[in-house]
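Have a look at the structure below, then the notes.
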Amino acid sequence: MRFAPLSLLITITVYLASCSTQEKAFSYLQSYTDSTKKDSLRTGIVDPVIQKNDLLSVLVYSASTIPETDALYNLPTTRSDEGYLVDANGNISLPRIGVIKVEGLTKEQLTDLVKQKLEATGELTNPNVIVRFLSYSITVLGEVSRPGRFQIPNERVTVLEAIGMAGDLTLFGKKNDVLIVREKDGQLEYGNIDLSSKDIVGSPYYFLSQNDVVIVNANKNKNRLNEQITAQRISLGLSIVTSLAILYNIFK
């Protein structure tokens, strides 16, 4: 009876150790700088502004009794998920109106702008406009039960609601240091939320903006657990190697 060479047994041990190492908790963006300003804290909902790559619904209607008149100013589709994609220059192109710069505007501001352009044409009677985000979403990552990207149909969501959508924190979630990554004016900014603090509603990151990323890092307990698992696997691997080495010497 022959056994594998000792070098192969050692390789098995190293493999077991490496597998456990890969399972250690992964902390996102460890080197970020908190860009939250203490004097900028405020309570309330901030109207979302339109960004590049947003998908918008812009519906034009008027007091006209001829449906075909309004149809000239709308997309020729009945699908609710089709809209106007904001291009790399921050523009959209509306039927019979043309290219409009929309980046940085709120829904209300874009509504007013389109209404002004419609009134200037004089083609519609009492024109009205409804603007909606079709791509309003946030992403939750890290120590939550169901990480992923979530669509927000009502265009309003708090960090607590986002955590709830993701199935709540796991036992290893670090609830006093949740990171929010937000794109603003073409730059990324980072803020921290303490889910256990009563002052959470005063943070500018309590109400999330579209495309925000919420990251829940692992606490020390997970790192300790993984270290224990690593030590146990290494010990088991060494025991197996020792036993096989003894058997190898007996039966060689």
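The values are calculated or read from the model by the stated rules, or taken from the named source; none is laboratory data. None of these values were measured; they are calculated from a predicted model. With ideal geometry, Cβ positions are generated from the backbone for all residues, glycine too; neighbour counts draw on all protein chains shown.
Go over the candidates 233, 224, 182 one by one and state the one that is at pLDDT 90 or above, basic (Lys, Arg) and out of contact with any Pro (no Cβ under 6 Å at 6 or more places or on another chain).
182
Any chance segment 78-87 includes a residue that's modelled with pLDDT under 85, over 30 Å from residue 127 (Cα atoms) and basic (Lys, Arg)? Can you show your working first?
Of the residues in segment 78-87, the ones modelled with pLDDT under 85 are 78-82.
With the extra rule that they be over 30 Å from residue 127 (Cα atoms), the set shrinks to none.
No: zero hits.
Give me a count of the residues in segment 176-189 that are under 21 Å from residue 218 (Cα atoms) and surrounded by fewer than 17 Cβ atoms within 10 Å (Cβ to Cβ).
Summing the residues that are under 21 Å from residue 218 (Cα atoms) and surrounded by fewer than 17 Cβ atoms within 10 Å (Cβ to Cβ) in segment 176-189 gives 2.
For segment 105-161, which strands (runs of 3 or more DSSP E) that fit wholly inside it have 2 or more residues that are under 28 Å from residue 72 (Cβ atoms), under 26 Å from the mean Cα position of the chain (by Cα) and in contact (Cβ under 8 Å) with a residue 12 or more places away in the chain?
128-133
One residue is enough: does segment 195-203 have a residue meeting the conditions of a type outside the set (Asp, Glu), crowded, with 19+ Cβ neighbours inside 10 Å and touching a strand residue (DSSP E or B) at 6+ places or on another chain (Cβ under 7 Å)?
The answer is yes, given that some residue of segment 195-203 is of a type outside the set (Asp, Glu), crowded, with 19+ Cβ neighbours inside 10 Å and touching a strand residue (DSSP E or B) at 6+ places or on another chain (Cβ under 7 Å).
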